Amino acid sequence: MARVLICEPHDDISALLELVVRRLGHQPVRSWGEVDHLGVDAAVIEPGEGEGMTLARRLKAQNVPVLFMSIYPPDCEMLELAPSAYLVKPFPLYALERALEAALSDRVDAGKLAVL
């Protein structure tokens with residue numbers, strides 16, 4: 001079981017993401033604060049809200065796979081972080097499931113980005 005950090009500012013979307021993570025057999029963790037002590041295996045982050053990019057940089061520095069999801073297409077700053085996937089809202093939940101499982105199983109090439 002992996003611990004998956006969910007950083008989504010909208011409670012309804014965050015609750016849905018938690019259900020998806022649980023359905024995959026993993027433990028969802030919600031936090032916008034300090035992540036160093038959380039010991040997460042992957043993160044699903046809304047990069048355009050709050051501290052999303054700062055958090056993503058810290059996690060990438062710890063070699064934690066990061067998946068971005070946003071209503072906006074990725075920009076250069078987001079792509080420089082080489083996220084495991086970039087999901088454009090609205091997206092089908094199976095796209096998140098596949099991207100998360102790929103990130104957790106190290107099936108995503110470091111130089112390959114899935115924009116869904």
(message) Suppose each label sits 7 Å from its Cα in the direction of the beta carbon; what would the Arg98-Glu49 distance come out to in nanometres?
(response) 2.5 nm
(request) May I ask for the net charge around Ile71, where only other residues with Cβ less than 11 Å from the Cβ of Ile71 are counted and Lys, Arg are +1 while Asp, Glu are -1? (result) -1
(request) Just grab the label-to-label distance for Arg23 and Gln62, each label 7 Å out from Cα along the Cβ direction, in nm (one decimal). (result) 2.7 nm
(message) Could you compute the net charge surrounding Ile6? Neighbours are other residues with a C-beta less than 13 Å from the C-beta of Ile6; K and R count +1, D and E count -1.
(response) -4
(request) Treat each spin label as a single point 7 Å out from the Cα along the C-beta direction, and report the Ser105 to Phe91 distance in nm. (result) 1.7 nm
(message) Among 42-52, 6-16, how do they line up by average Cβ neighbours within 10 Å per residue, starting with the highest?
(response) 42-52, 6-16
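The numbers here are math on the coordinates, done by the rules we state, and not lab data. Every value quoted in this text rests on a predicted model; they were computed, and no experiment measured them. Positions of Cβ are backbone-derived with ideal geometry, glycine not excepted, and every protein chain shown enters the neighbour counts.
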